[in-house]
Amino acid sequence: MLFSSTFSADWTCNLIVRLRHNVIRTGLRNISISYSRISLTDIAKKLRLDSENPVADAESIVAKAIRDGAIDATIDHANGWMVSKETGDVYSTNEPQIAFNSRVAFCLNMHNEAVKALRFPPNSHKEESAERRCERLQQEEELAKHMAEDDDF
């Protein structure tokens, strides 16, 4: 590695190695989806495997990914190819519709709960405290007295 001394000094060498494995695995998964058949040499080029024997490295990486279930493919050792198996049409079933429906139902339920949480209790603004009621009644009595006094004309 070009920067191995820097990574060792920073204590990030293990992180870089793990990240490299994840990037290679993701790249291999994308290659497997994109190509129905591809040579191991082309896989090594696309993944930029720069070792003494990149084809052998590509073969071992593909074999491990197949064993782990990361990709659905086989290796044709005689021709040096990786042959991807056909993926079924996911949309021919109603599973995506069910998943979409459950997500929409969850979002609508969350929205309804949020709206309910924002509502005021019914007629809470109309209720008045005992002090406020007494003040209001006194003001009404005073207003009635003033009106009665003004009617003397």
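The values are calculated or read from the model by the stated rules, or taken from the named source; none is laboratory data. It should be emphasised that the depicted structure is a prediction, and the values quoted were computed from it without experimental measurement. Backbone-built Cβ (ideal geometry, glycine too); neighbour counts: all protein chains shown.
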Exercise for the section: Sort out which residues of the range 68-84 are among the hydrophobic types (A, V, I, L, M, F, W, C) and within 27 Å of the chain's Cα centre (by Cα), and write them in order of number. Expected result: Ala70, Ile71
Fill in the blank from the handout: Of the conditions (1) at pLDDT below 95; (2) under 31 Å from the mean Cα position of the chain (by Cα); (3) among the aliphatic types (A, V, I, L, M), the single one that Leu108 does not satisfy is (1)
Exercise for the section: Answer with yes or no whether Val62 is out of contact with any Cys (no Cβ under 7 Å at 6 or more places or on another chain), modelled with pLDDT of 95 or more and not small (Gly, Ala, Ser). Expected result: yes
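Does Asp89 satisfy the criteria of being charged (D, E, K, R) and either at pLDDT 95 or above or touching a strand residue (DSSP E or B) at 6+ places or on another chain (Cβ under 9 Å) (or both)?
no
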Exercise for the section: Please find, within the range 1-56, the residue that is modelled with the lowest pLDDT out of those that are aromatic (Phe, Trp, Tyr) and farther than 19 Å from Ser84 by Cβ. Expected result: Phe3
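Do we find a residue being of a type in the set (Ser, Thr, Tyr) and modelled with pLDDT of 85 or more anywhere in the range 117-140?
Step one: filter the range 117-140 for residues of a type in the set (Ser, Thr, Tyr), giving 124, 129.
Subset that is modelled with pLDDT of 85 or more: none.
The answer is no, given that none of the residues of the range 117-140 is of a type in the set (Ser, Thr, Tyr) and modelled with pLDDT of 85 or more.
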